[in-house]
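Asks: Please find one structure pasted underneath; my questions will follow.
Taken together, the values in this text are just the output of simple stated rules run on the coordinates, not laboratory data. Just so we're clear, the structure is a prediction, and the values are computed from it rather than from any experiment. Heads up, the Cβs are rebuilt from the backbone with ideal geometry, glycines too, and the neighbour counts pull from every protein chain shown.
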Amino acid sequence: MIDNKQSDWFLSSEIENGDPGNSLFHVIPVPYEDTVSYGGGTAQGPEAIIFASSQLELWDGTENPSAAGIFTKKPVERVEYESPAEIFSRLAGETTDSLQKGAIPVVIGGEHSITFAPVSACCGYFGEIGVIQFDAHADLRKEYEGSKFSHACVMRRIVDELELPVFQVGLRGISREEAEFIAVRKIPGLSARKAVLEAVTVLNLPADFPEKVFVTIDVDGLDPSIMPATGTPVPGGLGWYQILSMLQSVVDQREIIGFDVVELAPAAGLHYCEFTAAQLIYQIMGMILRKN
Ligand SMILES: [Mn+2]
């Protein structure tokens with residue numbers, strides 16, 4: 001357990017919590033952890049990231065993204081005896097509520113399985129969207145440890161159940177079954193090996209990839225040298241400026257209608273990871289704001 005002081009909203013040391021009807025960004029903390037298969041701790045992720053956000057500079061180097069309004073919602077927590085489907089349904093409802101207020105949902109996990117909920121809500125609200133996934137793993141398993149609600153299956157559910165196009169970045173730990181699925185379904189993406197060895201900074205999305213995109217960032221897409229605080233770290237991941245440049249290239253090419261940052265598992269002595277996640281979130285807010 002991390003010795004954090006409770007802080008209720010993103011950037012609470014610097015700003016008041018935003019007005020829900022008048023904030024461009026709605027932060028939705030989701031301390032959900034159920035199916036983690038290796039190291040645990042993602043349930044503490046949202047609180048740790050929000051606590052770390054108080055160390056951010058309001059000025060992101062270009063402007064002050066918080067001026068667009070950041071409203072942090074109450075955490076969507078699992079209540080006792082609630083099934084995964086039930087909490088995902090409540091999370092989808094919260095996401096839809098934010099979309100109806102004209103806001104961009106910013107979901108903070110929690111394990112990666114939660115992504116299904118905001119993506120389904122965005123799809124329900126906007127129609128067809130694309131999903132861009134930064135991750136060491138494909139998360140395309142049909143079932144894992146007896147459940148389709150596992151973090152290892154979340155992208156498979158998005159492809160199979162929501163039938164949405166997906167673009168995967170940073171993959172370097174996939175099963176044979178997943179590799180075959182990627183080949184058969186022709187799922188586009190950029191492997192970590194190619195990204196790192198060729199120092200790629202711009203994503204080439206397919207021409208027919210939807211205009212509106214949801215970006216899901218599993219922090220294990222980053223290299224463990226800068227992001228060791230995650231359940232299933234894999235060597236050979238993306239660098240800090242690399243992921244920022246890639247995200248900027250997404251903002252340049254498409255409209256980000258929501259994003260999430262998941263799978264941070266706070267660890268004692270590694271508090272820079274929480275700050276890294278908070279800074280990543282704030283940097284993306286700035287990119288989106290500059291485009292608007
Ligand atoms: Mn993942």
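Asks: Suppose each label sits 7 Å from its Cα in the direction of the beta carbon; what would the SER83-SER147 distance come out to in nanometres?
Replies: 1.3 nm
Asks: With all distinct Cα pairs included, what does the Kirkwood hydrodynamic radius of the stretch 238-292 come out to in Å, to one decimal, could you say?
Replies: It works out to 12.3 Å.
Asks: Let me ask something additional. Would you work out if the stretch 1-115 is rounded, prolate or oblate? Take a ≥ b ≥ c from the square roots of the eigenvalues of the alpha-carbon gyration tensor; rounded if a/c is under 1.5, else prolate when a/b is larger than b/c, oblate otherwise.
Replies: It is oblate, given that a/c is not under 1.5 and a/b is not larger than b/c.
Asks: Which ordering of LEU238, LEU24 is given by a fewest-first count of other beta-carbon atoms within 10 Å?
Replies: Going from sparsest to densest Cβ surroundings: LEU24, LEU238.
Asks: Can you give the extra length, in nm with one decimal, that the chain gains between GLN253 and ALA207 once fully stretched, where that is 0.36 nm per residue apart less the Cα-Cα distance?
Replies: That works out to 15.6 nm of additional length.
Asks: Quick one: order LYS186, LYS212, LYS73, LYS142 by neighbouring beta-carbon count within 10 Å, fewest to most.
Replies: Sorted ascending by nearby Cβ count, the order is LYS186, LYS142, LYS212, LYS73.
Asks: Could you tell me how far the Cα centroid of the stretch 100-171 sits from the Cα centroid of the stretch 194-222, in Å?
Replies: Rounded to whole Å, the Cα centres lie 15 Å apart.
Asks: Something else: How many percent of the alpha carbon pairs in the stretch 147-236 exceed a separation of 16 Å?
Replies: Counting every Cα pair in the stretch 147-236, those more than 16 Å apart make up 61 percent.
Asks: Hey, another quick one. From the mean inverse distance of alpha carbon pairs (Kirkwood) and the Cα radius of gyration, derive Rg over Rh for the stretch 66-173.
Replies: 0.97
Asks: Still on this structure: Please compare each pair in LYS101/LYS291; LYS148/LYS186; LYS148/LYS291; LYS74/LYS291 to a cut-off of 25 Å on the Cα-Cα distance and tell me which ones are over it.
Replies: Listed pairs above 25 Å: LYS148/LYS291; LYS74/LYS291.
Asks: Now a separate question. For q values of 0.09, 0.11, 0.12 Å⁻¹, compute log₁₀ I(q)/I(0) with the Debye formula on a Cα-only model of the chain, without solvent.
Replies: Debye output, listed in q order: -0.37, -0.56, -0.68.
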